[in-house]
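Chemist: Input: one structure, supplied below.
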């Protein structure tokens, strides 16, 4: 318990350093653009691929499991949309990204720590925590909502693909269900949740990477711990945010 | 000049540095020597502020580093350059970008002026041809030279080198030693080198501080070292047969020189 509290204290004190005034805004902006590319743009492919297939699979599963003469066929489209908007494209996609991006951040910072690159920044008089972590948090909070949009669209295309190529139901019926009783607020809920998840992924993974003490084994451990804790916190935050936003 | 007085540092109740007093002079290569685990690296880390000593005084040209506020420390750090044991180059940047980095961060010069300065520093370490390469594409010796170029980019007053020859072959070590020695004299830098490489000690040791188990045991120059009577220093220096032979030759020469002088 004491160890956990000490970790929380170290995390808060690291974040205090991260949100200090940058030494040179231009350099931070350059770093921010680099992180947008590395963490965000490089994740578009995996997000599209996963969303496309999951969109198709959700449609097939729902079609097979709720088939009943009492249930209109367009319900499949309606349920698919709600799942994509409310949970899959925000929470589940962020869980997947926590694995990809979180381990990337933790191992990058951990390697910088063990190879003394962070010490080199400190000796130059640079706030290394802020220079290395702030652009990552900013970039992820910018890119993850964009990835959520990409995921929603790819999921819907996947749902249509299951109609066009597998022929599980007419695409027009699916389309009717997708448009049925559309609530715009649900899209905003996904965005709002993804902002929080982005902060969790970037800050928690950075904490584990930045505070590595030791060698390559510790870097690997930090990377795993970052993914596990980010995922747990995303699930917990999802529960709280869903209750707050929709309860 | 950097002056250390009564410096103490411990970890979990174990004393690592005990009452260290030393002076490191301008325009000289000051060496901190000692066995592995003697506290050399901890002392250098205390000097650059990566570790905070429990007690003592640390004066940078009469400015007490330990009493400075954050802003003053930051300003002083722009006067420091450091060469790490692992070179600590930024993997994601090219050689030129690495050298330009401190200039980009702290200099108000135009991009062209910064690039010119970085190229000058790379030229000083004979690495202009490697400017577009990444650290992973160059050898360990070249990485150390890039790190030296980066360390001198901002014209530092103080240069710290943590085991600059570790992992290098003797010939490359000599190149690095001569480079550091040359730069120190050229720019009048206060250079502090943490090493246990006896070739460096004999080659460039203008002011040597010997530390044993966290205690300063001896201070002098490379010329004094063969005549030193400190037992721990003698054990450390003459651990190798080669240096024992060199000492015997030196002592024989001194004795025969003394006898000849008496006869004369």
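Chemist: Using alpha carbons only, how many degrees (0 to 90, rounded to 10) separate the axis of helix A:184-210 from the longest principal axis of chain A?
Modeler: Around 30 degrees separate the two axes.
Chemist: Report, in degrees rounded to the nearest 10, the 0 to 90 angle that the Cα long axis of helix B:140-152 makes with the longest principal axis of chain B.
Modeler: The angle comes out at about 70 degrees.
Chemist: Now a separate question. Give the dimensionless ratio obtained when the Cα radius of gyration of the protein assembly as shown is divided by 2.2 N^0.38 Å. Walk me through the numbers on the way to the answer.
Modeler: On the way: Rg = 30.4 Å, N = 511, 2.2 N^0.38 = 23.5 Å.
Against the compact-globule rule of thumb, the ratio is 1.29.
Chemist: Which values, in whole Å and largest first, are the semi-axes of the equivalent ellipsoid of region A:169-247 obtained as the square root of 5 times each eigenvalue of the Cα gyration tensor?
Modeler: Numbers: eigenvalues 287, 49, 16 Å².
Whole-Å semi-axes of the equivalent ellipsoid: 38, 16, 9.
Chemist: So, one more: Using the beta-carbon distance between residue B:223 and residue B:50 and R0 = 35 Å, what value does 1/(1 + (r/R0)^6) give for FRET efficiency, to the nearest 0.05?
Modeler: On the way: r = 32 Å, r/R0 = 0.93.
That gives a FRET efficiency of 0.60.
Chemist: What per residue convex hull volume, in Å³, do the alpha-carbon atoms of chain A yield? Present the calculation step by step, with values, prior to reporting the outcome.
Modeler: On the way: hull volume 37.0 nm³, N = 247.
Considering the Cα atoms of chain A, their hull volume per residue is 150 Å³.
Chemist: Helix B:241-263: angle to the longest alpha-carbon principal axis of chain B, degrees 0 to 90, nearest 10?
Modeler: That helix lies at roughly 60 degrees to the long axis.
Chemist: Expressed in nm², what is the orientationally averaged projection area of the convex hull enclosing the Cα positions of chain B?
Modeler: Values: hull surface 66.4 nm².
Convex hull of Cα atoms, orientation-averaged projection: 16.6 nm².
Chemist: How much mean residue ellipticity at 222 nm does chain A get from its helices, if each DSSP H run of length 4 or more adds -39500 (n - 2.57) and you divide by all residues, to the nearest 500 deg cm²/dmol? Walk me through the numbers before you get to the answer.
Modeler: Values: 11 runs with 184 residues, N = 247.
My calculation for chain A gives -25000 deg cm²/dmol from helical runs alone.
Chemist: Okay, moving on. What order do you get for B:94, B:29, B:195 when you list them from fewest to most C-beta neighbours inside 10 Å? Can you show the working numbers first?
Modeler: Details: B:94 18, B:29 28, B:195 24.
Taking fewest neighbouring Cβ atoms as first place, the list is B:94, B:195, B:29.
Chemist: Report the Stokes-Einstein translational diffusion coefficient (µm² s⁻¹, integer) for region B:1-124, Rh taken as the Kirkwood radius over Cα pairs, at 10 °C with viscosity 1.306 mPa s.
Modeler: Working: Rh = 16.7 Å.
Rounded to a whole number, D works out at 95 µm²/s.
Values in this text are rule-based calculations from the coordinates and carry no lab data. The structure displayed is predicted, hence computed values, not measured ones. Note: ideal-geometry Cβ built from the backbone for every residue, glycine included; neighbour counts use all protein chains shown.
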